[in-house]
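The values are calculated or read from the model by the stated rules, or taken from the named source; none is laboratory data. On a predicted model such as this, the values are computed, not experimentally measured, just so you know. FYI the Cβ positions are ideal-geometry reconstructions off the backbone, even for glycines, and counts take in every protein chain you see. When the accessible area is computed, the model is the full protein with side chains, heavy atoms only, and any ligands, DNA or RNA have been set aside. Shrake-Rupley method; radii C 1.70, N 1.55, O 1.52, S 1.80 Å.
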Amino acid sequence: MKKLFLVTALLATFSLQAQNPVIPGYFADPSIRYMDGKYYLSITSDGYEEHNGEPFIWVSDDLVNWDIEYLHINDRFFWAPSMVKGANGKYYMVHQQGVDYLAYMMEADSPLGPWKETFQIRDFDVELFQDPESKKIMGIGSWKNLLVFDNDVNSPTYMRKMMSTDPIEGELTDFTEGPYIFYKDEKYYMMWAGGHCWLETYNVRYAIADEPGKIYRELAQKPILETDPSKEIFGPGHTSAIEVNGRWFMFYHRQNQHNYPSCNSRFSCVAELFFDNEGAITRVEPLDDLSSLGLDQSEFKNIALNKTVITNSLTTDFPPTMAVDGRNDSRWEAELGEDKWITIDLGKREKISKIQVDFEYFDKYYLYKIEYSDDNDEWSTYADYTKQAKKAYQTRISEKEATARYIRVNVKRAEAKSAHISIWEIKVLAKK
């Protein structure tokens, strides 16, 4: 007799949960931009010991619902990308290379590419910044230099040449890497990561200046965000920031709560920044759910959230309820082997428009099938990905109008037989 596991959200025992990431999976160095009516989150694909994952970018209309897009850049050392739109309508992205530890500028006609490398920048962790006062596109790197590019849109070397490299002035406590500049109320704010990404000492600090390349002064020589066991945040760092409806939000990565300290399986999270009348950052409030801010523009709702689940396989730390708990850092993991399935009981027959499956690794191949049923006995096919292996990002969203009570994700095989079959979240989407 086969052993089955039926678990409800109320009966499940959950392992440690830290701040909920804004996107599912192992992604670090988040750089947020708003361009052409969309939000773009450039990231480092994480989760591997010996290399990085494939180059991706996340795209959203509302900061709540995100689509993952593949960047056709053949470089497994694609680290900490940062993107801006130039005055000529083209897009410019800097990324870091993990062999020579230098930065490279790329150019494209679209945020999704194809990207062409244009020149090398002798700095690391370079973040691009468009000064709202001078309108110039600049860069700031871990070598503490302000980088100014050719900003003459009529020049043949526009954004293809470095015009100046000037040292940043000011004493910056515990400056390690990942600097970022943003402009607010006639002040330039520079945030950076202190400590080291593989230690709990990793933290976020900031300083302000009257001009982007002049003397930065720290209003308080202490982190604005650091390891906080009470909030279950470990090793936060490498930030970016964006203003939305008069409120400021900081994107950052933190270490995986299951294997910290670690620099290999980080999550991208978000927090709100609060300022006093003199411009000092007084509070950083981690946010688990940006939809609570009223930003959600989706016409769909997730009707699988916290529903009862049944599976034929599980591991102790990653029960199947974690695939329907609404979190982007918790997952169902099956025991090693093939032919593992998880079934969601929606409680009653529901009209379904889409099903989203977020596997642990978006750049790995999987063979699986999505099925639906009214009685948990007779099954119909919703989507079949068993004929040809595809990477998880390619099969993330399946669309079909159907009515059912039960949804089953039946995974025949993961990319390697030595790898667990594991899913962050399964969303069954119905029209609101």
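Cysteine residues of the chain whose C-beta has no other cysteine C-beta under 4.7 angstrom: CYS269. Extent of segment 237-309 along its three principal axes (Cα atoms, max minus min coordinate, largest first): 51, 36, 15 Å. Database remark: amide H of GLU360 closer than 5 angstrom to the amide H of SER422, ILE423, TRP424 (H placed geometrically; neighbours at sequence offset of 5 or more, or on other chains; Pro and chain starts carry no H). Projected label points at TYR34 and HIS196, each 7 Å from Cα along the beta carbon direction, are separated by 3.9 nanometres. With Rg and the Kirkwood Rh both taken from Cα atoms, where does Rg over Rh land for segment 24-91? In segment 24-91, Rg relative to Rh is 0.98.
For segment 81-105 versus segment 29-67, the spacing of their alpha-carbon centroids is 14 Å. Under 24 Å of direct C-alpha separation, and excluding same-chain neighbours fewer than eight residues apart, LYS38 reaches these lysines: LYS85, LYS90, LYS116, LYS135, LYS136, LYS184, LYS301, LYS354, LYS427, LYS431, LYS432. Each label point was placed 7 Å from the Cα along the Cα-to-Cβ direction; for LYS90 and LYS351 their separation is 4.9 nm. The simple Förster model, with R0 at 30 Å and r as the Cβ-Cβ distance, assigns LYS214 and ARG122 a FRET efficiency of 0.85.
What is the dipole size for segment 201-264, taken about its Cα centre, with +1 at each Lys and Arg Cβ and -1 at each Asp and Glu Cβ, in debye to the nearest 20? The partial results should precede the final answer.
Details: 7 positive and 7 negative charges, 10 e Å.
The calculation lands at about 40 debye.
Given a cut-off of under 8 Å on Cα pairs at least six residues apart, what relative contact order in percent is computed for the chain? Walk me through the numbers on the way to the answer.
Numbers: 1183 pairs, mean separation 63.6, N = 432.
The value is 15 percent.
Rounded to the nearest 20 debye, the dipole magnitude of the chain is 1240 debye, with +1 charges on Lys and Arg beta carbons, -1 on Asp and Glu beta carbons, and the Cα centre as origin. The Cα-based radius of gyration of the chain, divided by its Kirkwood radius, gives an Rg/Rh of 0.99.
Close amide H contacts of LEU287 (hydrogens built in the peptide plane, cut-off under 5 Å, sequence separation of 5 or more or a different chain): VAL270, ALA271, GLU272.
Calculate, for the chain, the solvent-accessible area per residue in square angstrom, rolling a 1.4 angstrom probe over the heavy atoms of the protein chains. Walk me through the numbers before you get to the answer.
Working: 18600 Å² over 432 residues.
Per residue, the chain has 43 Å² of solvent-accessible surface.
Between TYR101 and ARG160, the FRET efficiency from the beta-carbon distance, with R0 = 30 Å, is close to 0.85. Per-residue Karplus couplings for segment 133-140, computed as 6.51 cos²θ - 1.76 cosθ + 1.60 with θ equal to phi - 60°, are listed in order as 7, 8, 6, 7, 8, 10, x, 10 Hz, Gly and Pro entered as x.
Could you compute the longest span of the chain free of GluC sites (Glu not before Pro) located in DSSP loops and having at most 12 other Cβ atoms within 10 Å, not counting the site residues?
Working: sites that count: GLU49, GLU50, GLU133, GLU171, GLU186, GLU278, GLU299, GLU335, GLU338, GLU378.
With a cap of 12 other Cβ atoms within 10 Å, the longest stretch comes to 187-277.
Using a probe of 1.4 angstrom, how much of the accessible area of segment 217-324 is carbon and sulfur, in percent? Here carbon and sulfur together make up 41 percent of the probe-accessible area.
A crude spin-label estimate for the pair ASP375 and LYS417, with each label 7 Å from Cα along the Cβ direction, gives 3.7 nm. Compared with the direct C-alpha span, the chain from ASP67 to THR173 gains 34.5 nm at full extension, assuming 0.36 nm per residue. The gain in end-to-end length when the ALA402 to GLN221 segment is fully stretched comes to 59.4 nm, 0.36 nm per residue minus the alpha carbon separation.
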